[in-house]
Amino acid sequence: MTKQKNFEIYLCIENDRFKIFLLDTINFKNLYINELPIDNSLNADLNELSKFLDDNIFKIEKLSDKFIEDIFLIIDNNIVLQTNISIKKKNNNNVTNQNNLNKVLVELKDLFKENNKDQYIMHMLITNYIMNEKNYKTFIENLRSEYLNLDVKFISLPNEFISKCNKVLERYQIKAKYFMSGKYLKDFLNDEDLELSFMAHKILNGYNSNEIAIVPKITVNKGFFEKFFQLFS
């Protein structure tokens, strides 16, 4: 088999089903989709996930002519945690700038991790900027404002659950490249016919400019915050 770079595999773990996609990122279409209804995806040893992968991994490798080395996991079940944090910081020289913003984001990330040591951050999202007592959806640089207020949402997953998923994938010599929230992705799905794999690919490539890149993402067109990824790895 040959190694190609135009395929991505997405595995969705929901409360009532597993679903897997083989996405052709060049032609932007799913070449393979399959799903399995289940009773509970939080099964302690995820045995059903192993059976599901047994039924699909070889088919995907044969179809793509590619050994699967990594996979993107989309988690959409009750184990996902959402935490909202607000912070208020004084701006240097009473002017907003990227450096001040970046320091606040690092502080918030460290604060979350300090108080949630058992959680893995999937998404860190700025939901609101408050400057001059006005709300903004995007950051405005060089704005005269004594304080910078941020409302930030963290979407996380227990490290224990991630460890269980990784152990299952290791049986197939596959690594989890990234964990994503299914609910977060679905919030962007205005088109009911659009599959999660398409939106996941878009999000990974900077679709939401207010998402902080906590780890390097495979982006082509980097979002506003992508340049800061090394500070969050």
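No lab work stands behind these numbers, since they all come straight from the coordinates. All of these numbers come straight from a predicted model, not from anything done at the bench. Here the Cβ positions follow ideal geometry from the backbone for every residue, glycine too, while neighbour counts run over all protein chains shown.
In table form, for the structure just shown:
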read-out: Rough spin-label spacing in nm, given labels placed 7 Å along Cα→Cβ, for ASN84 and GLN98; value: 2.9 nm
read-out: 30 Å Cα-Cα threshold exceeded, pairs from LYS175/LYS202; LYS113/LYS186; LYS51/LYS113; LYS88/LYS183; value: LYS51/LYS113
read-out: Highest average packing first - 25-32, 98-105, Cβ atoms within 10 Å; value: 98-105, 25-32
read-out: Sequence ranges 83-94, 195-206, ranked by mean other-Cβ count within 10 angstrom, highest first; value: 195-206, 83-94
read-out: Karplus-derived HN-Hα couplings along the range 126-138 (A = 6.51, B = -1.76, C = 1.60, θ = phi - 60°), whole Hz, x at Gly and Pro; value: 7, 9, 6, 10, 10, 9, 6, 6, 10, 8, 9, 8, 10
read-out: Ranking of CYS165, CYS12 by count of other Cβ atoms within 10 Å, fewest first; value: CYS165, CYS12
read-out: Helix-only CD estimate at 222 nm, as mean residue ellipticity for the chain, using -39500 (n - 2.57) per DSSP H run (n ≥ 4); value: -8500 deg cm²/dmol
read-out: Whole-Å distance, taken between Cα centres, linking the range 158-180 and the range 84-118; value: 30 Å
read-out: The chain - charge dipole about Cα centre, Lys and Arg +1 at Cβ, Asp and Glu -1, debye rounded to 20; value: 880 debye
read-out: Stretch gain in nm, segment ARG171-GLU133, where the contour uses 0.36 nm per residue and the Cα spacing is subtracted; value: 8.3 nm
